[in-house]
Amino acid sequence: MKVMKFGGTSVGSPQRIKNVATLISGKGKNMIVLSAMSGTTNSLIEISEAVKADDPQLACKLISSLEERYSGVIEELLTTQDARERTRTIVADFFNDIRHTISSPESPLLEKQIVARGEMISTNLMHAYLHECGVNSVLLPALDFMRTDEHGEPDLPYISKHLNQLLEENPEADMYITQGFICLDHEGNIHNLERGGSDYTASLIGAAIMAEEIEIWTDIDGMHNNDPRFVDGTKPVRNLHFEEAAELAYFGAKILHPTCILPAKINNIPVRLLNTMEPDAPGTLIDNNLRSACIKAVAAKDNITAIKIKSGRMLLAYGFLKKVFEIFEKYETAIDMITTSEVGVSVTVDNERNLDRIVEELHRFGTVTIDRNMTIICVVGDLEWQNRGFEAKALDALRDIPVRMISYGGSNYNISFLIKAEDKTRALRALSAEIFA
Ligand code: ADP
Ligand code: ASP
Ligand code: MG
């Protein structure tokens, strides 16, 4: 059995839902994971923001306009009166749930409850359409098996036990459909796996059922060698090692959510990135095989803050870095990049939630300098240190761009450069011209 996950754009209109239905119908008894139709999660977040801002009138207006969009979708998607009626009732119930939820605005989990309806609606639409086409799909509600533990991490033994039980109870299905993104927390409240988390759902399901393959179907033909939103002429990369894909996803390649690599890698389940609009294109295969010593791709991660701690006390001292890292640990702030010298250390973080407190404590060690609005440019490939020339090539490409930090050697798979956000597009284009032209 394969897991096939379709993102928001792939199910973003009645015609796209029909295309996906055709695509999955010929492919056997698989597990289909769907995102909400594109734009829906954003609209649902807007609704909950309006409630939080104490503007119930705006919330109600937004709910009605989204509901109207869906009534148009149902009309266009389904043909029989019976299927339309049934689906209208199901979708109306979801919108009434949202209205009911906003009537108690003080609930801390309000947003989670509201956004969950997006995936519930899209899966019901697909299910209804497949049935109209004579396909016996079975809808498995994600909330019946997808759960996080008390640390907020997916509870894989629970997920595996409950999902496999559901599969056993429904042997007659032509295929199974479920929602990406949504889950229950350890107390049984509706929760989610964060924005873009449907990829994670697919990977967790893959691990839970030991799938033959996890397919991530989206609007582009695989992982490109640079960010197509900023660089023209990018090309798909045919093969990536899990570690290479993890670096790219973590450092900004939006096509893949970074969390989705680990469950697949641990269980050695290949991940394939495919294009719904071009289903025959080969896409990108991600697995545990490392092919060829070369640079595969470049990605960029925005909203980075650099912190430099300069200290005479670091000279010939041991235990200095430990004390610095303990402060970041205390304030639950992850460090992305790090470079050191004899008199100081520079690190980067991607959230400033506790930055003031961190800086206050770091002052104990010496001078602290902050650079905001920075971008990490990550060059990824089989960059094992014996493979010569790659650092020189990347550095050469960036010769006209001021570089604040360089990090290499932490893994065999990446070289990272910290630059000003305003130089990002120029840097990405320069790297493509130098490396992939
Ligand atoms: P989905 O809604 O299917 O999950 P996403 O929008 O999350 O899709 O991811 C697909 C988008 O990722 C593409 O449309 C593309 O603009 C963007 N993207 C960013 N970097 C890359 C890259 N290196 N390769 C391919 N796509 C990328
Ligand atoms: N619908 C959710 C989002 O827009 C989850 C996903 O699409 O992966 O973030
Ligand atoms: Mg995505």
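Cβ separations smaller than 7 Å between residues 6+ apart or across chains give the following pairs from the range 353-377 residues that are closer than 19 Å to residue 251 by Cα and modelled with pLDDT of 95 or more to residues that are surrounded by fewer than 17 Cβ atoms within 10 Å (Cβ to Cβ) and small (Gly, Ala, Ser): 373/421; 374/421; 375/421.
Of the strands (runs of 3 or more DSSP E) lying entirely inside the range 330-428, those carrying at least 3 residues that are under 25 Å from the mean Cα position of the chain (by Cα) are 335-341, 344-349, 367-381, 414-420.
Applying the selection to the range 73-88, what residues are under 29 Å from the mean Cα position of the chain (by Cα) and of a type outside the set (Val, Ile, Thr)? Working first, answer last.
Step one: filter the range 73-88 for residues under 29 Å from the mean Cα position of the chain (by Cα), giving 73-74, 77.
Correct list: 77 only.
Could you identify the single residue in 51, 20 that is of a type in the set (A, V, I, L, M) and either within 16 Å of ligand 1 (Cβ to nearest atom) or in a loop (DSSP other than H, G, I, E, B) (or both)?
Values: 51 fails: either within 16 Å of ligand 1 (Cβ to nearest atom) or in a loop (DSSP other than H, G, I, E, B) (or both).
Being of a type in the set (A, V, I, L, M) and either within 16 Å of ligand 1 (Cβ to nearest atom) or in a loop (DSSP other than H, G, I, E, B) (or both) holds for just one of 51, 20, which is 20.
A count restricted to the range 174-188 and to residues that are over 24 Å from the mean Cα position of the chain (by Cα) and buried (at least 19 other Cβ atoms within 10 Å of the Cβ) stands at 1. Set side by side, the residues 2, 52, 29 differ, and just one is surrounded by 18 or more Cβ atoms within 10 Å (Cβ to Cβ) and among the charged types (D, E, K, R), which is 2.
Please enumerate the residues belonging to the range 68-101 that are more than 22 Å from residue 15 (Cα to Cα), touching a helix residue (DSSP H, G or I) at 6+ places or on another chain (Cβ under 9 Å) and polar (S, T, N, Q). Working first, answer last.
Of the residues in the range 68-101, the ones more than 22 Å from residue 15 (Cα to Cα) are 93-101.
With the extra rule that they be touching a helix residue (DSSP H, G or I) at 6+ places or on another chain (Cβ under 9 Å), the set shrinks to 94-95, 97-99, 101.
If the condition is that a residue be more than 22 Å from residue 15 (Cα to Cα), touching a helix residue (DSSP H, G or I) at 6+ places or on another chain (Cβ under 9 Å) and polar (S, T, N, Q), then 101 is the only one that fits.
Does the range 292-311 include one or more residues that are crowded, with 17+ Cβ neighbours inside 10 Å, within 16 Å of ligand 2 (Cβ to nearest atom) and under 30 Å from residue 208 (Cβ atoms)? Within the range 292-311, not a single residue is crowded, with 17+ Cβ neighbours inside 10 Å, within 16 Å of ligand 2 (Cβ to nearest atom) and under 30 Å from residue 208 (Cβ atoms). Taken over the range 6-33, the criterion of being modelled with pLDDT of 95 or more and either in contact with a Gly (Cβ under 6 Å, 6 or more places away or on another chain) or at positive phi (or both) is satisfied by 33 alone. Determine, yes or no, whether residue 45 is in contact with a Lys or Arg (Cβ under 8 Å, 6 or more places away or on another chain), at negative phi and either touching a residue at least 12 places away in the same chain (Cβ under 8 Å) or of a type in the set (Phe, Trp, Tyr) (or both). When the stated conditions are applied, residue 45 does not pass them.
Restrict the check to the range 101-110 and report whether at least one residue is in a helix (DSSP H, G or I) and at pLDDT 95 or above.
Here is the first cut: in the range 101-110, the ones in a helix (DSSP H, G or I) are 101-102, 110.
Still in the list and also at pLDDT 95 or above: none.
Checked against the condition, which is being in a helix (DSSP H, G or I) and at pLDDT 95 or above, the range 101-110 yields no hits at all.
Could you say whether any residue in the range 155-171 is within 15 Å of ligand 1 (Cβ to nearest atom) and either surrounded by 22 or more Cβ atoms within 10 Å (Cβ to Cβ) or over 24 Å from residue 17 (Cβ atoms) (or both)? No, because not a single residue in the range 155-171 is within 15 Å of ligand 1 (Cβ to nearest atom) and either surrounded by 22 or more Cβ atoms within 10 Å (Cβ to Cβ) or over 24 Å from residue 17 (Cβ atoms) (or both).
Which residues, taken from the range 127-178, are within 18 Å of residue 1 (Cα to Cα) and of a type in the set (Ser, Thr, Tyr)? Hits for the range 127-178 are 137, 160, 176, 178. Within the range 193-217, if we keep just the residues that are within 22 Å of residue 9 (Cβ to Cβ) and among the charged types (D, E, K, R), the residue that is nearest to ligand 3 (Cβ to nearest atom) turns out to be 199.
The values are calculated or read from the model by the stated rules, or taken from the named source; none is laboratory data. Note that the structure is a prediction, hence the values are computed from the model and not measured. Every residue, glycine among them, receives a Cβ derived from its backbone with ideal geometry; neighbour counts consider all protein chains shown.
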